[in-house]
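Below is one structure, written out as C-alpha cells; the observations come after it.
The values are calculated or read from the model by the stated rules, or taken from the named source; none is laboratory data. Since the structure is predicted, the reported quantities are computational estimates derived from the model, not experimental observations. We place every Cβ from the backbone using ideal geometry, glycine too, and count neighbours over all the protein chains shown.
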Amino acid sequence: MGPVIMRSFRHLTPGYIIDRLAVSRFRYRRGEKLPLFATGAIQFIESYLRDTDRVFEYGAGYSTPWLAKRAGRLISVEDWPEWYERVKLMLPGNAELILFDTTGDAYDAYIAKIRDYDPFDIVIVDGKMRAECAAAAADRLNPGGILLWDDFDPHALMWAEKFAPDILQWRRVSFDDGKVHMTGIFIKPGIIPSSTRTDM
C-alpha cells in the first residue's frame, strides 16, 4: 500500500471563509460565468474595456467568453486539449482560440504567439509560464494598455523580477479577495490616443 496523502485544510481560516462567501455572493448576483480574477479586477476591466478593443489572452477559461462579449476582437491561446474543446463551445464569432502542444520545449511558440499580431489594448496572463508570457507581451501592448496578471502573489513577483523586470516599473493596481484571488493590473506607460479613449 502506498503512502497516505493527507489533504491540508490550514487555509480554511475564518477570514478565508468570510472572503470566499463574499466572492460567491458577488458572482451569484451577477448571473453569468465570471473570470476567476479578484472581484475588483473584474470591475476594473469591465469599466475599462471597450467594444473596439483588441484582447490577447494566455490561458483560456470563463474569462474568454466574458472578455469576447465585451471586446472587439479576442485571441486566446490554450495548452489543455479538453479545456480547449469546452471553452471553444462558449465563444462568439469575434474570438479565436488556439490550441498549443506545450510538451517538452514547445512552450516557446505558445509564449511568442502574441508577436504574430498587431499590438493589443489588453493582455491577460493566466496560463502557463506567466512571467515569460508577460515579458513577451510588454512590447505588444499599445501605450496606455493594460496587462492583467492573475494570481500575482509574492511568488509571482519573484518570477517577474527574474523574467519581466521592465513591467515592474509600470504603474500597478493590485486587487485581492483576501486569500481567495489576487490579481495585478499593470498599465503600460504612454499616452492613450484620444480617438480611442475619449471617455477617459
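Within region 113-127, which residues are farther than 24 Å from Gly184 by Cβ and either without any contact (Cβ under 8 Å) to a residue 40 or more places away in the chain or of a type in the set (A, V, I, L, M) (or both)?
In the first step, residues of region 113-127 are kept if they are farther than 24 Å from Gly184 by Cβ; the result is 116, 118.
Answer for region 113-127, where residues must be farther than 24 Å from Gly184 by Cβ and either without any contact (Cβ under 8 Å) to a residue 40 or more places away in the chain or of a type in the set (A, V, I, L, M) (or both): just Asp116.
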Practice task
Can you work out which of the residues in region 130-189 that are basic (Lys, Arg) and more than 14 Å from the chain's Cα centre (by Cα) is farthest from Ser63 (Cα to Cα)?
Solution key: Lys162
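State all residues of region 143-163 that are in contact with an Asp or Glu (Cβ under 6 Å, 6 or more places away or on another chain) and either β-branched (Val, Ile, Thr) or surrounded by fewer than 19 Cβ atoms within 10 Å (Cβ to Cβ) (or both); if no residue qualifies, say none.
First, pick out the residues of region 143-163 that are in contact with an Asp or Glu (Cβ under 6 Å, 6 or more places away or on another chain): 145, 150, 163.
If the condition is that a residue be in contact with an Asp or Glu (Cβ under 6 Å, 6 or more places away or on another chain) and either β-branched (Val, Ile, Thr) or surrounded by fewer than 19 Cβ atoms within 10 Å (Cβ to Cβ) (or both), then Phe163 is the only one that fits.
So, of the residues in region 118-129 that are more than 12 Å from Glu57 (Cα to Cα) and surrounded by 13 or more Cβ atoms within 10 Å (Cβ to Cβ), which turns out to be modelled with the lowest pLDDT? Full working, then the answer.
Of all residues in region 118-129, those more than 12 Å from Glu57 (Cα to Cα) come to 118-119, 129.
Okay, now just the ones that are also surrounded by 13 or more Cβ atoms within 10 Å (Cβ to Cβ), so 119, 129.
Values: Pro119: 98, Met129: 94.
The selected residue is Met129.
Condition check: at pLDDT below 95 and among the charged types (D, E, K, R). Does Asp101 satisfy that?
Yes, satisfied.
May I ask you to verify whether Ile146 is closer than 22 Å to Arg54 by Cα, hydrophobic (A, V, I, L, M, F, W, C) and touching a residue at least 40 places away in the same chain (Cβ under 8 Å)? Lay out the reasoning, then the answer.
Values: closer than 22 Å to Arg54 by Cα: yes; hydrophobic (A, V, I, L, M, F, W, C): yes; touching a residue at least 40 places away in the same chain (Cβ under 8 Å): yes.
The answer is yes for Ile146.
Matching residues to (1) among the aliphatic types (A, V, I, L, M); (2) without any contact (Cβ under 8 Å) to a residue 12 or more places away in the chain:
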{"site": "Leu49", "(1), (2)": "yes, no"}
{"site": "Leu67", "(1), (2)": "yes, no"}
{"site": "Glu78", "(1), (2)": "no, no"}
{"site": "Glu82", "(1), (2)": "no, yes"}
{"site": "Val87", "(1), (2)": "yes, no"}
{"site": "Met90", "(1), (2)": "yes, no"}
{"site": "Leu97", "(1), (2)": "yes, no"}
{"site": "Ile111", "(1), (2)": "yes, no"}
{"site": "Met129", "(1), (2)": "yes, no"}
Handout entry: Conditions (1) farther than 22 Å from Ala138 by Cβ; (2) at pLDDT below 95; (3) charged (D, E, K, R); number of the one not met by Asp108
Key = (1)
